[in-house]
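Trainee: Dumping the structure here so I can ask a few things about it.
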């Protein structure tokens, strides 16, 4: 009886000791992490302030008046003229000159066409058939073989 | 455990029982004796802790990251989030004679040497003055707002008495730009501009972490001030004012009043005026000439009169010719600046800025109708804007005589601020809706509904007419190619105690662009421009204010997402045949 209870006591003591040690270990660990977080936060605050100061310094050095003065004295840039703007790609294409008779052939790059390179074809008939349907029936995109044939026929 | 004593008691008799009791009592007492000091110790520790709280105060709790990063006053940004006003730690240069702590001289070197070294870093410092201040041995600021590199150089001097404390300062990175809109801060309180208007929001603990965006666009503001300043200097004008207003929302994209002041360093003379300004009774630099000063804006009022007449159905046929000879009314003669022929139609009258025809149109329209239009354009009350500086217009009052109606029709006898004019022009071109101007950023879809002043087709007509003024008339130098600018010049003599002064003018150009789908109104105004070589010795708006707008619009157009396009324009083909080209 006494033996058993002593054993049990020791058992409890060991149990409590282990738990306490674990608890202390965890507390130390938590506190270590906490202080690390605090240190990181402090570092963030310092860096944020530094960032703010540098940003402000940059904004101050590059203020609008300063930029205008530099432009007036050093660069002399003018605002773009109306004819320097392009509205569409077509307008851009209109700048290209037709090929002269003796010009070298244009350089071509080989590339295998993917089926996704072509837009999905929409049958005009499909829309005609179901005028009520909002979604027009899509014709499956051509497979690679078909695409090649289509390309060939265009040439 | 509990069964053991009973067993032994039965076995040993009453004596053992008494012994056992004594023994247990002793043990209990011993335990109590041991426990008592333990409790006492805890009580003492607790008392000491309480006492330490009482004597030393509660220990400082470490501030959270958010609290540390929260600025003491909120940031003000432009509509794109770029900073216009912010708080940050700036280095100050503080002379602390007690820093050496050895009781000897506060400086390692002589005051003259240190002053020379400081003057090498800050060229604007007065060497003798600084040397004297260092020798005086009094703690004081030698300079504020040092750049970090300047602070490093001061540190390299190696004087412990020269301290560099970081101080919280309100800082305006753009310097004097938009000073009248922003205002300034003194002792934590905002004055003059949005600093005063947004004071509660900027200091509110819950809100100040988020920047407050205002409607200005920093780049447009910079371009406006730059062009105004150049224009003002080239014609030697006393002051200049300008505003860029979004016609559909009423947002002020740029607002400039020159001369300006630097909110980073507000001097008393900025507020009360320099001696010369006071002697000449001129406003100080902090005076906002866009929202506070009222001017007779002259011919820029003509489009308003014409629009009112078109809207009321008084002018139906734009080809109809009016008598353009001087008008004799109430003993006075109203004439044009130079003869424009015997008759003119309405488009010609606007293109050549005829007082006589506008007066005759106004006469036909009647004073009541013209007054109602002016009233619905808000020209009889202080301008709608958040700023505290809002000027009360001066007008002819409730009952307009015939001559009053005639002179008001071309902008005389009524004085308003340039901002009034901008809001009125916005209503003129945007389809006829008047909206109050605002300096707060308006989110798309939340703009004020406004009130209808002109019919949609009246506004369309005005777009054509204003465009024609810029293509064929007095506004030609404002016609930036591709931007479809339309607008009207105005040059009014300034009134004085002895009638109008012929030589001091206020010249204004009120414009909108692009005229086929107006987005922005631009007003440029010069106060007392002189005739110089830059303006071909002319003082009128066509030679000084209109060129400013002509240079400004190509600069700000692309920033405001208005692309120039030479292939687009307002269709003026129906009005083109109505104008003769022989008058100049």
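The values are calculated or read from the model by the stated rules, or taken from the named source; none is laboratory data. Since the structure is predicted, the reported quantities are computational estimates derived from the model, not experimental observations. Cβ sites come from the backbone with ideal geometry, for glycine too, and all protein chains shown count toward neighbours.
Trainee: For the stretch B:68-106, how many residues are modelled with pLDDT of 85 or more, in a loop (DSSP other than H, G, I, E, B) and touching a helix residue (DSSP H, G or I) at 6+ places or on another chain (Cβ under 6 Å)?
Mentor: 4
Trainee: For the stretch B:164-188, how many residues meet the condition of being away from chain A (no Cβ under 14 Å) and at pLDDT 90 or above?
Mentor: Number of matching residues: 4.
Trainee: Still on this structure, I have one more. From the set of residues in the stretch B:548-568 that are within 30 Å of residue A:91 (Cβ to Cβ) and more than 10 Å from chain A (Cβ to nearest Cβ), which is nearest to the chain's Cα centre (by Cα)?
Mentor: B:560
Trainee: A further question follows. For the stretch B:218-237, name all the residues that are within 11 Å of chain A (Cβ to nearest Cβ) and either over 18 Å from residue B:505 (Cα atoms) or outside any helix (DSSP H, G or I) (or both).
Mentor: Residues satisfying the conditions are B:218, B:219, B:220, B:221, B:222, B:223, B:224, B:225, B:226, B:227, B:230.
Trainee: Let me ask another. Do the conditions hold for residue B:382, that is, is it surrounded by fewer than 23 Cβ atoms within 10 Å (Cβ to Cβ), free of Cβ contacts under 8 Å to residues at least 40 places away in the same chain and assigned to a loop (DSSP other than H, G, I, E, B)?
Mentor: The answer is yes for residue B:382.
Trainee: For the stretch A:61-91, which positions are within 21 Å of residue B:147 (Cβ to Cβ), part of a helix (DSSP H, G or I) and more than 8 Å from chain B (Cβ to nearest Cβ)?
Mentor: Within the stretch A:61-91, A:61, A:66, A:69, A:70 meet the criteria.
Trainee: Just one of the numbered conditions (1) closer than 22 Å to residue B:351 by Cα; (2) assigned to a loop (DSSP other than H, G, I, E, B); (3) touching a helix residue (DSSP H, G or I) at 6+ places or on another chain (Cβ under 6 Å) is not true of residue B:551; which one?
Mentor: (2)
Trainee: Out of (1) more than 14 Å from every other protein chain (Cβ to nearest Cβ); (2) closer than 23 Å to residue A:85 by Cα; (3) outside any strand (DSSP E or B), what's the single condition that is false for residue B:521?
Mentor: (3)
Trainee: I'd like the residue in the stretch B:525-547 that is out of contact with any strand residue (DSSP E or B) (no Cβ under 9 Å at 6 or more places or on another chain) and either within 14 Å of another protein chain (Cβ to nearest Cβ) or in a helix (DSSP H, G or I) (or both) and, out of all such residues, is surrounded by the fewest Cβ atoms within 10 Å (Cβ to Cβ).
Mentor: Top of the filtered list is B:533.
Trainee: Before we move on, is residue A:45 touching a helix residue (DSSP H, G or I) at 6+ places or on another chain (Cβ under 9 Å) and assigned to a helix (DSSP H, G or I)?
Mentor: Yes; evaluated as a whole, the condition is true for this residue.
Trainee: Can you name the residue in the stretch B:474-503 that is in contact with a helix residue (DSSP H, G or I) (Cβ under 7 Å, 6 or more places away or on another chain) and in a strand (DSSP E or B) and, of all such residues, is nearest to the other protein chains (Cβ to nearest Cβ)?
Mentor: The qualifying residue nearest to the other protein chains (Cβ to nearest Cβ) is B:486.
Let's see how each residue does on (1) within 27 Å of residue B:223 (Cβ to Cβ); (2) in contact with a helix residue (DSSP H, G or I) (Cβ under 6 Å, 6 or more places away or on another chain):
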site	(1), (2)
B:242	yes, yes
B:247	yes, yes
B:251	yes, no
B:254	yes, yes
B:268	no, no
B:278	no, no
B:289	yes, no
B:297	yes, yes
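Trainee: Looking for whichever is out of contact with any strand residue (DSSP E or B) (no Cβ under 9 Å at 6 or more places or on another chain) and in the same structural domain as residue B:226 (by TED's automatic domain parsing) here; the options are B:474, B:458. Which one fits?
Mentor: Result: B:458 is the single residue among B:474, B:458 that is out of contact with any strand residue (DSSP E or B) (no Cβ under 9 Å at 6 or more places or on another chain) and in the same structural domain as residue B:226 (by TED's automatic domain parsing).
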